[in-house]
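What follows is a short report on a single structure.
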Amino acid sequence: MGEKVRVEVVDSGVDEERLEVLALLLRQELLMLDVRSVEPYGEGAAPEGSKGALAAVAGVLSVSLAPGLQAIGGVVAVIREWLRRSGSVRSVKVTIDGDVIELTGASDAMQQQLIDTFVRRHAGADV
């Protein structure tokens, strides 16, 4: 069984439309990994007349991947690099089974230690 990872772009200085654009840019980079899928995250009923069954949440993606340290670690590495290049106060919340870590563009040792612990906790059999 694979992991479902919720990835949420957080930037209080932009509107929902810009958050959606940012999430789609991040999605393109995540699709370069060996992932099963990266789709807009949806919850609740979609507006009447729309094609989907769920309403998409602006700036949020659902990533489906095989379980393991390498898969989760790859997603986190891509997100950190994407944030580093953005050079802004933007962050990304990564959620697996209700466990959340918020990544920033900072490259300090404490954040790396927290990331390593988070990834190992969700890596399953690869640990």
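Nothing in this text is a laboratory measurement; each read-out follows from the coordinates by a stated rule. Worth saying up front: this structure is predicted, and the values here are computed from it rather than measured.
Brief remarks follow.
- Residue 103 long-range amide H proximity, modeled H, under 5 Å: 92, 93, 94
- Per residue, the convex hull spanned by the Cα atoms of the stretch 54-120 amounts to 99 cubic angstrom.
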